[in-house]
Amino acid sequence: MNSKLDLRLESAKLAVMVDGITPENVISLSKEIEKYVMGEADLPEAYDPSEMLKNSMEMLNKRFTEDYDKNKELQAKADEVSTRTGGDA
């Protein structure tokens, strides 16, 4: 399940399949199932695959930028040492 909406729909389907379920208690049972399955999970209200892809790309871009900046800084230090020592670093 990718969202709270998916969880609610699945909980309702499961509640309807329980023996002895009536129209009066199907909603309360569905909410109990939803609460049990949800636990402490943090799900979005609705699933948006393009939002997930966008967030993943932002995380990767941030990581690559941080790595590039770190490598650039290390290269600058190596160049400085090489210049001071008169050799190749």
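Nothing in this text is a laboratory measurement; each read-out follows from the coordinates by a stated rule. The model shown is predicted, which means the values in this text are computed figures rather than measured ones. Cβ sites come from the backbone with ideal geometry, for glycine too, and all protein chains shown count toward neighbours.
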Dipole of the chain [Lys/Arg +1, Asp/Glu -1 at C-beta], most positive-end residue of Tyr47, Ser28, Ala12: Tyr47
Just to confirm the number: angle between the C-alpha axis of helix 26-38 and the first principal axis of the chain, 0 to 90 degrees, nearest 10? 20 degrees
Principal axes first, then extents: for the Cα atoms of the chain, list largest minus smallest coordinate on each axis, whole Å, largest first. 87, 22, 14
Roughly how big is the chain's charge dipole about its Cα centre, with Cβ charges of +1 (Lys, Arg) and -1 (Asp, Glu), in debye to the nearest 20? 120 debye
